[in-house]
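The values are calculated or read from the model by the stated rules, or taken from the named source; none is laboratory data. Because the structure is predicted, anything quoted here is derived from the model rather than measured. Counting neighbours? That spans all protein chains shown, and the Cβs are built from the backbone with ideal geometry, glycine included. For accessibility, only protein heavy atoms count, side chains too; no ligands or nucleic acids. Shrake-Rupley method; radii C 1.70, N 1.55, O 1.52, S 1.80 Å.
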Amino acid sequence: MAPLPPPASILLLVLCSYWTAAAAREKADVLTMRNGDRLTGQIVVMQFGKLSLKTDYLGTATIEWLDIARAESPQQFIVEDLRGRYFSGSLVASGIDRRIVVRGDDGTMTALGLDEIERVYADETIFWNRLSGSFSVGFDYAKATEISTVSGSFDTTYRAPEFRWNVSADINSTKDPEQGTVDRHSLGFTYQWLLRQQRFISGLSLLERNEETGIDARLQLGAGYGKYFRQTSKSELSGMLGLALTREWATGSEDSQESIEGIVGGNWRIFKFNSPTVSMSSAALLFPSLTDSGRYRTNLNLSLRRELVKDFYLDLSFYHAYDSEPPDANAENSDYGLTTSLGYSFY
């Protein structure tokens, strides 16, 4: 099978479109701080315990959610609370600190304590204003072994009250004097239909390559049922069970094989917002084969991110992949590595 095209070129077009097509809202939002200061601007998003406010005099300011006493805006927002409920409307002045009132189109007033809120973002049909994500590039080299690694990643999420979707890509090429170049690439898409009580139905697709474990290409299509067990401004924990149809092409072979696999997965993210901002994200997946008796695969990804300057960060990532029965008999059962990269986050 021909080598997979690097996804970076496709993702670069997405990024360029993001910056050229993003539309600005009116800067008419007012924040009253707990110390009495008032800030006027455009609320971009509040998530992970911090609010981004575009202003004419400070640029885009990042404000701790805990430092805000009140928020007002004539514009439309989606407010998501810790129980997974969504409220749409403008933000009305409240006479009580640490409380906001959401006024719906029908005039309904909903009062929420700021400590009950997980996310606030613009209720707009403009596609680009609901996107958030990050991308990074890295290079590692060891003179003693002459082994070098080039890595890159991209991740973006679109959020709406009824659904959310995510596109992610990873590129990892290791040059070894003995083995030559060993590639590990992936391009994935997931779609979640959000249900009540923080539950969801998910569809997923994944195209990946890992020459170390004998995979020239693997195409996976699946679906599952999951739940957000914990959603706060500082952490998020979710799990999912599902099934997937998998087709694989082994290295050195033109033939492919198909199988049905189970999916058992979990994601955990935690955040620390005191300057500098630090966050950790982890994802673990188990794929027990339902058609190849005794075979199972696992994937583990762990990333620790530290902000260097506003929106730019240093990322330290660990990955581990295991296959109990690789389709290429000469391949390794496991592949793991540690990479460092510099990145940028956008919203």
Any idea which of (1) open to solvent by 40 Å² or more (accessible area, probe 1.4 Å); (2) assigned to a strand (DSSP E or B); (3) free of Cβ contacts under 8 Å to residues at least 24 places away in the same chain is the one G203 doesn't satisfy?
-> (1)
Counting only strands (runs of 3 or more DSSP E) entirely within the range 25-130, those with at least 2 residues that are buried (at least 16 other Cβ atoms within 10 Å of the Cβ) and without any contact (Cβ under 8 Å) to a residue 24 or more places away in the chain are 38-47, 86-92, 99-103
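Residue by residue, here is whether (1) open to solvent by less than 70 Å² (accessible area, probe 1.4 Å); (2) hydrophobic (A, V, I, L, M, F, W, C) holds:
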| position | (1), (2) |
| --- | --- |
| E208 | yes, no |
| G222 | yes, no |
| S256 | yes, no |
| W268 | no, yes |
| T277 | yes, no |
| A283 | yes, yes |
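On the given criteria, is S134 modelled with pLDDT of 90 or more, open to solvent by less than 30 Å² (accessible area, probe 1.4 Å) and farther than 28 Å from A250 by Cα?
On the way: modelled with pLDDT of 90 or more: yes; open to solvent by less than 30 Å² (accessible area, probe 1.4 Å): yes; farther than 28 Å from A250 by Cα: yes.
Here the answer is yes, as S134 does meet what is asked.
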Would you check which residues across the range 68-96 are more than 18 Å from M109 (Cβ to Cβ) and modelled with pLDDT of 90 or more and list them?
-> I68, A69
All conditions in (1) open to solvent by 50 Å² or more (accessible area, probe 1.4 Å); (2) in contact with a Leu (Cβ under 8 Å, 6 or more places away or on another chain) are true of E261 except (1)
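The rows are residues; the columns are (1) assigned to a strand (DSSP E or B); (2) surrounded by 13 or more Cβ atoms within 10 Å (Cβ to Cβ); (3) more than 20 Å from the chain's Cα centre (by Cα); (4) at pLDDT below 90.
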position	(1), (2), (3), (4)
T145	no, no, yes, yes
T157	yes, yes, no, no
W165	yes, yes, no, no
K175	yes, yes, yes, no
Within the range 291-328, the residues that are farther than 27 Å from G138 by Cα, surrounded by fewer than 14 Cβ atoms within 10 Å (Cβ to Cβ) and either β-branched (V, I, T) or touching a residue at least 40 places away in the same chain (Cβ under 8 Å) (or both) are T291
